[in-house]
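Below: the structure, in structure tokens.
The values are calculated or read from the model by the stated rules, or taken from the named source; none is laboratory data. In this text, all values refer to a predicted model and were calculated from it rather than measured experimentally. FYI the Cβ positions are ideal-geometry reconstructions off the backbone, even for glycines, and counts take in every protein chain you see. Just the protein is used for accessible areas: all its heavy atoms, side chains included, with ligands, DNA and RNA removed. Shrake-Rupley method; radii C 1.70, N 1.55, O 1.52, S 1.80 Å.
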Amino acid sequence: MFGLANPDRFMRFTRPVTPVAWVVAGVLLVVGTWLSFTAPGDYQQGDTVRIMFVHVPAASLGLMIYGALGVSSFFALVFRHPLADAAARAAALPGAAYTALALVTGSLWGQPMWGTWWVWDARLTSVLVLFLFYLGYIALRSAIDDEAKAARAAAVLGLVGLINLPIVKFSVDWWNTLHQPASLLRAGGTSLDPVFLWPLLTMMAAFGALFLAIWLSAIRTEIVRRRVMSLRARAAQNA
């Protein structure tokens with residue numbers, strides 16, 4: 001795995017892997033969408049339960065992607081590895097998109113179920129903070145012209161944001177929140193009926209494969225961009 005930290009090895013390894021990831025993501029999305037719409041309505045939630053098949057994967061991936069961004073930021077800041085910095089930068093935009101999707105779908109579910117679009121409880125507020133960390137990371141990188149300084153500043157922010165991850169994860173256990181506790185990964189096994197469990201797992205796999213495809217493509221693009229910039233800088237010096 002650490003051998004892939006070399007940009008050349010990474011490019012060679014991901015050249016055939018990236019299109020496969022896109023195909024797998026497409027197939028899983030089609031299957032997951034079909035399972036989501038053919039699943040029966042819940043006896044309490046009715047057809048609103050189908051929002052769960054998008055909301056839960058989006059929220060889970062938003063959390064995990066920030067974890068990847070934070071770990072990549074650590075390696076970029078401590079070891080000054082350009083590929084780690086490229087990985088962190090490539091994770092920010094899809095992570096923000098997943099988190100935004102989780103917030104929107106959560107509101108769409110909350111209005112008919114709770115009678116309100118938003119409440120400032122621990123889970124919702126901490127996810128909003130997670131989204132703001134994503135936006136802050138993206139904005140900070142764009143605000144500083146010097147790429148090296150921008151990378152270091154963004155890496156520090158990325159590491160600070162890791163503090164919020166356990167708060168998001170355990171907020172429903174630490175505080176009395178309106179948001180329900182975990183029903184998929186919990187002690188004693190899942191509380192979901194298989195008729196809802198399989199569409200949810202399929203959509204989670206689809207969202208994960210889609211992020212992998214986007215992430216690999218974005219990292220590859222970033223490597224190429226930096227190589228082009230390096231060549232232009234050398235050409236300008238030699239001119």
Quiz item: Can you give the accessible area per residue of the chain, in Å², using a 1.4 Å probe?
Solution: 54 Å²
Practice problem: Measure off, as a whole percent, the carbon and sulfur share of the 1.4 Å-probe accessible area of the chain, all protein chains present. | Solution: 70 percent
Quiz prompt | Among 110-116, 200-206, the order from most to least packed when residues are scored by Cβ within 10 Å on average | solution = 200-206, 110-116
Exercise. Could you sort 134-146, 67-79 so that the peptide with the highest average Cβ count within 10 Å comes first and the rest follow in order?
Key: 67-79, 134-146
Exercise. Using +1 at the Cβ of each Lys and Arg and -1 at the Cβ of each Asp and Glu in the chain, identify which of Ala154, Gly208, Gly26 lies farthest towards the dipole's positive end.
Key: Ala154
